[in-house]
Amino acid sequence: MIEEVDVRDNVTLADYEQYAQFTVKVRELKQVAAAHVPHLTGRRVWMVNSTSRGGGVAEMMPRLITIFRELGVDARWAVIGADSQDFFGFTKNLHNLIHGAGTATITERDREAYVAVNRENFESFRKLLAPNDVVVIHDPQPMGMGAMIKKTLGNPTVWRCHIGLDDHTEETRTAWYFLEHFANAYDHGVFTAPEYIPSFFAGKASIIHPAIDPTDHKNRSLAVHKISGILHNAELLSTVQPVLTEAFEDPALRLQPDGSYLPANQPEQIGLLYRPIITQISRWDKLKGFQPLLEGFARMKRDITTYANGDERHKRRLEIMRLVLAGPDPGSIQDDPEGLETLGQIEATYRALPPEIQRDIAVLTLPMKSRKINALIVNALQRCATVVVQNSLQEGFGLTATEAMWKAKPVLVSKACGLRQQVRDGLEGQILRRPKHPEFLALALNSMMQKPWQRGEEGRNAQRRVFDAFLIFTQVARWLEVLHNTVLKVNGNGAK
Ligand code: UDP
């Protein structure tokens, strides 16, 4: 059964306008809305996905819907329901296949489970749908339902795909071969990068980049005392100064040389507010490239004299700089054996390092129980970094890079497709062509650390790039354009 989600988010555009820098963004958005929204009146716009909790899509949706509504679009959010394990097993595999992983066979039973769930949801959704309503289907799970709507009822339909791989493999071909049949019914497709558009969407696809909300807890600006307060509350820093709030229920934990985890200011403080810090924050996933980064950093530390190449000041910088690798508390990823395995490998590599290098590396696990606290810790850590790294071997987009760039941090990123959408080599940071090789990481880190002036410029460019292209305002504006164009395509000019 499909279910409409009650959206309660009381943010208004006036809240954004309070910030001097967003006034112009809101004004632009209202201008864009004035051009498109009149063509959407008299219709509802349904955003449909497979879950109302967890995951990036569900997280962004309430805010997106709320802004749409304030701009005059009657936006709704619905999630499909399913109680079939076969369906979820299959759609999880489908998701993996689009990323080039998973099992490259799709059985008749898979297809039946997929069609049955989509048909069931179609039958309940059609009771809610008016003939003019626009339907936006997110990701593969409900894609079949959108095709049924188009074929049976003729509503304007858009498919928003949040995933992709810039390569063709047996796995991706298997997934797209299965989905093509449904995709063909749609009026339009929306993807995160041009590289992700399958051939059968050619000529009817747009790019909408993911975006961040600059006012949420992960991205809002933090005063210095606030940063130190958050770090103190998370036990990432200890201070003898009084702090306003009590310690967080769960502290951040730091891997110790004996393999145990203790509060992160053990065995000694990291020096987050005082030293040059290199930071990567990600899920513990082998594709995030933690391992080569760890090895590259250790390599640089082992051979500081060579890397410093006679520059005394830089030598001192290399001596005192530290690496922070942070990810979710393992208790929160018990259902993710691959994540636990990746963390296990990082732990083993760390433990095999000599003590003087271990001292300069902090492997941190961050509390995940409270979204707000986790977001504030990530925010504070990103703000303490000199350079933020995202060394992913594959990356759909990489919001961690966007978040760091918004904080005016120069970024060192791999050439993975999603990161390439955001970072231009030498402008917002550096792009690593060989993210699997520690020696190249060591060289790139050394070169970025050696040039403070360039780092500053890259950081400023990075912030401007996010301001121009990856804030929520741009995302909403692009959606309005896509929705208007889709309606035009289906109904022609005058028709409502
Ligand atoms: N993240 C977090 N806490 C962590 C690790 C990651 O909140 O301990 C967040 C990170 O800030 C970002 C998101 O998880 O907002 C990851 O999104 P991204 O697009 O970088 O990669 P994904 O995890 O979706 O592959």
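The values are calculated or read from the model by the stated rules, or taken from the named source; none is laboratory data. Worth saying up front: this structure is predicted, and the values here are computed from it rather than measured. Quick reminder, even Gly has a Cβ in these numbers, built from the backbone with ideal geometry, and neighbours come from all protein chains shown.
Condition check ((1) of a type in the set (Asp, Glu); (2) within 16 Å of the ligand (Cβ to nearest atom); (3) within 25 Å of Val136 (Cα to Cα)) across all residues:
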residue	(1), (2), (3)
Phe201	no, no, yes
Leu222	no, yes, no
Leu253	no, yes, no
Ala264	no, yes, no
Gly271	no, no, no
Gly296	no, no, no
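Any chance you could count how many residues in segment 1-24 are within 19 Å of Gly72 (Cα to Cα) and exposed (fewer than 11 other Cβ atoms within 10 Å of the Cβ)?
So the count comes out to 4.
Can you name every residue in segment 95-110 that is part of a loop (DSSP other than H, G, I, E, B) and touching an Asp or Glu at 6+ places or on another chain (Cβ under 9 Å)? Give the steps one after another, and end with the answer.
Filtering segment 95-110 down to residues part of a loop (DSSP other than H, G, I, E, B) leaves 99-107.
His99, Gly100, Ala101, Gly102, Thr103, Ala104 - these are the residues of segment 95-110 that are part of a loop (DSSP other than H, G, I, E, B) and touching an Asp or Glu at 6+ places or on another chain (Cβ under 9 Å).
Just to be sure I understand, how many residues within segment 213-249 are under 25 Å from the mean Cα position of the chain (by Cα) and surrounded by fewer than 19 Cβ atoms within 10 Å (Cβ to Cβ)?
Number satisfying all stated conditions: 8.
For a quick check of your reading of the model, give me the residue pairs whose first member lies in segment 200-223 and is of a type in the set (Ser, Thr, Tyr), whose second is at pLDDT below 95, with beta-carbon atoms closer than 9 Å and at least 6 apart or on different chains.
Thr215/Val11
Which of the residues that make up segment 49-74 are in contact with a Lys or Arg (Cβ under 9 Å, 6 or more places away or on another chain), in contact (Cβ under 8 Å) with a residue 60 or more places away in the chain and not in a helix (DSSP H, G or I)? Explain how you work it out, then say what you get.
Just the residues of segment 49-74 that are in contact with a Lys or Arg (Cβ under 9 Å, 6 or more places away or on another chain), to begin with: 49, 57, 59, 62, 65-66, 71, 73-74.
So of that shortlist, the ones also in contact (Cβ under 8 Å) with a residue 60 or more places away in the chain come out as 49, 57, 71, 73.
Within segment 49-74, Asn49, Leu71, Val73 qualify.
Among Gly331, Gly271, Gly339, which is the only one that is in a helix (DSSP H, G or I) and crowded, with 16+ Cβ neighbours inside 10 Å?
Values: Gly331 fails: crowded, with 16+ Cβ neighbours inside 10 Å; Gly271 fails: in a helix (DSSP H, G or I).
Sole residue among the options that is in a helix (DSSP H, G or I) and crowded, with 16+ Cβ neighbours inside 10 Å: Gly339.
If we scan segment 26-34, do we find a residue that is farther than 30 Å from Glu112 by Cβ and in a loop (DSSP other than H, G, I, E, B)?
no
Only one of Arg27, Arg43, Arg8 is basic (Lys, Arg) and under 24 Å from the mean Cα position of the chain (by Cα); which? Outline the logic, then answer.
Numbers: Arg27 fails: under 24 Å from the mean Cα position of the chain (by Cα); Arg43 fails: under 24 Å from the mean Cα position of the chain (by Cα).
Selected residue: Arg8, the only one of Arg27, Arg43, Arg8 that is basic (Lys, Arg) and under 24 Å from the mean Cα position of the chain (by Cα).
Go through segment 194-216 and give me each residue that's assigned to a loop (DSSP other than H, G, I, E, B), of a type in the set (Gly, Ala, Ser) and over 25 Å from Leu376 (Cβ atoms).
Within segment 194-216, Ala202, Gly203 meet the criteria.
What residue, of Val115, Val135, is under 24 Å from Val482 (Cβ atoms) and outside any loop (DSSP other than H, G, I, E, B)?
Only one candidate passes the filter, namely Val135.
Can you spot a residue in segment 323-346 that is of a type in the set (Val, Ile, Thr) and away from the ligand (no atom under 16 Å from the Cβ)?
no
Inspect all residues belonging to segment 76-95 and state whether any of them is touching a helix residue (DSSP H, G or I) at 6+ places or on another chain (Cβ under 8 Å) and at positive phi.
So far as segment 76-95 goes, no, none of its residues is touching a helix residue (DSSP H, G or I) at 6+ places or on another chain (Cβ under 8 Å) and at positive phi.
Under the condition of being within 16 Å of the ligand (Cβ to nearest atom) and part of a strand (DSSP E or B), which residue from segment 353-368 is nearest to Ala234 (Cα to Cα)?
The qualifying residue nearest to Ala234 (Cα to Cα) is Leu366.
Residues of segment 399-430 being among the aliphatic types (A, V, I, L, M) and assigned to a helix (DSSP H, G or I), which ones?
The answer is Leu399, Ala401, Ala404, Met405, Leu419.
Looking at segment 369-398 only, could you name the residues that are assigned to a strand (DSSP E or B) and within 9 Å of the ligand (Cβ to nearest atom)?
Scanning segment 369-398 gives a single hit, Gln390.
Quick one: which helices (runs of 4 or more DSSP H) lie wholly within segment 431-496 and hold at least 3 residues that are within 25 Å of Ala33 (Cα to Cα)?
452-469, 472-491
Among the listed residues Phe467, Phe440, which satisfies the condition of being away from the ligand (no atom under 13 Å from the Cβ), within 22 Å of Trp284 (Cα to Cα), surrounded by fewer than 23 Cβ atoms within 10 Å (Cβ to Cβ) and touching a residue at least 12 places away in the same chain (Cβ under 8 Å)?
It is Phe440.
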